[in-house]
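The values are calculated or read from the model by the stated rules, or taken from the named source; none is laboratory data. Since this is a predicted model, take the numbers as computed values, not measurements. No Cβ is skipped: glycine too gets one built from the backbone with ideal geometry, and neighbour counts run over all protein chains shown. Each accessible area value is taken on the protein alone, full model and side chains, heavy atoms only, with ligands, DNA and RNA left out. Shrake-Rupley method; radii C 1.70, N 1.55, O 1.52, S 1.80 Å.
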Amino acid sequence: MTEGKIGVFDSGIGGLTVLKEIIKHLPYEDIIYFGDGKRTPYGGKSKETIELFALQSMKFLTQKGAKAVVIACNTVSSNAMDVINANYSLPVIGVISTTAELAFSESKNKKIGVIGTKATVESRSYEKALKALDTSITVFQKSCPLFVPLAEEGIEWWDDEITEMVAKRYFNSFSNTDIDTLILGCTHYPLLKEVIRRTIGKGVNLVDSALITASQTKEILGKMKLLKTQKAKGSLEVFTSDSIERFMPLCTAILGINNINIQKCDVGE
Ligand code: DGL
């Protein structure tokens, strides 16, 4: 089925960082993005709730004609891949293992930090994926829940002294760890990259999911012969479960595209 759309799903605006790269890598594909702004943040919720939200979002995207779905959200990728794969047979691409592989390949001293939501950190998904590559890797995890509302609050918070104070407090846990690589294990965190880079220090390499997930999506769908054969510019539909007015400026800023077709939807009860 080369027809059909590529669905991209996140708890909010963060997945737009992944969407941006997918559009660049797959310009001829029709893409549908869903950001669950109404129920964000997912990161402090239970596994059961995250699974339920994930299944509802999958239902929405498949009903809208998705031939494959990219789970841009680290929290969902960490907690709901099993239940998604048990209920859907279409290709579903998560972000954890490829991002872990990238971090592993870039780390020299094999001391790797991971920041993510509480639900991602508690799942130990990155730790497991890294240890599966090499048991001698040392992984230091820290959940940074305040980063998500700061990113969602608007562009003026992304590189701000308050955000930096929050980062300093969180990153205290990495002092004396000697990490040379830090996985930004949440789609929202690349938006705060400047603050994160300044606070963690220039010697630490930052790894995020966006680029590697986009190139993996292209590779997987290419191998499965699911990519469009016609070379005509693909369409983009963006859905939010919350206010379009709130979503629009963030979407425009992240994607760098004007006049995006944003629609409101309700995927849950
Ligand atoms: N964007 C999500 C992620 O990548 C988390 C944000 C949230 O807590 O909803 O983990």
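Values as computed for the structure displayed
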{"read-out": "Qualifying residue in segment 219-229 (condition: away from the ligand (no atom under 15 Å from the Cβ), of a type outside the set (Val, Ile, Thr), closer than 23 Å to residue 43 by Cβ and assigned to a helix (DSSP H, G or I))", "value": "no"}
{"read-out": "Those residues of segment 26-64 which are within 15 Å of the ligand (Cβ to nearest atom) and assigned to a helix (DSSP H, G or I), in sequence order", "value": "47, 49, 50, 51, 52, 53, 54, 56, 57"}
{"read-out": "Subset of segment 188-200 that is β-branched (Val, Ile, Thr) and open to solvent by less than 10 Å² (accessible area, probe 1.4 Å) - its residue that is farthest from the ligand (Cβ to nearest atom)", "value": "195"}
{"read-out": "Residue within segment 161-176 that is within 14 Å of the ligand (Cβ to nearest atom), in contact with a helix residue (DSSP H, G or I) (Cβ under 9 Å, 6 or more places away or on another chain) and under 30 Å from residue 260 (Cβ atoms) present", "value": "no"}
{"read-out": "Residues satisfying the stated conditions in segment 249-269, i.e. within 10 Å of residue 16 (Cβ to Cβ) and buried (at least 17 other Cβ atoms within 10 Å of the Cβ)", "value": "250, 251, 254, 255"}
{"read-out": "Count of segment 148-181 residues which are in a loop (DSSP other than H, G, I, E, B), open to solvent by 80 Å² or more (accessible area, probe 1.4 Å) and at pLDDT 95 or above", "value": "2"}
{"read-out": "Residue 37, sole failed condition from (1) at pLDDT 95 or above; (2) in contact with a strand residue (DSSP E or B) (Cβ under 7 Å, 6 or more places away or on another chain); (3) open to solvent by 10 Å² or more (accessible area, probe 1.4 Å)", "value": "(1)"}
{"read-out": "Subset of segment 155-189 (residues that are more than 14 Å from residue 111 (Cα to Cα) and either touching a residue at least 40 places away in the same chain (Cβ under 8 Å) or in contact with a His (Cβ under 8 Å, 6 or more places away or on another chain) (or both))", "value": "155, 170, 184, 185, 186, 187, 188, 189"}
{"read-out": "Selection count, segment 68-99, where residues are more than 22 Å from residue 167 (Cα to Cα) and within 16 Å of the ligand (Cβ to nearest atom)", "value": "18"}
{"read-out": "Qualifying position, being farther than 17 Å from residue 83 by Cα and surrounded by fewer than 18 Cβ atoms within 10 Å (Cβ to Cβ), among 59, 24", "value": "24"}
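Listed here are the residues, each with its yes/no results for (1) modelled with pLDDT under 95; (2) touching a Leu at 6+ places or on another chain (Cβ under 7 Å); (3) surrounded by 19 or more Cβ atoms within 10 Å (Cβ to Cβ).
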| position | (1), (2), (3) |
| --- | --- |
| 3 | yes, no, no |
| 9 | no, yes, yes |
| 18 | no, no, yes |
| 70 | no, no, yes |
| 80 | no, no, yes |
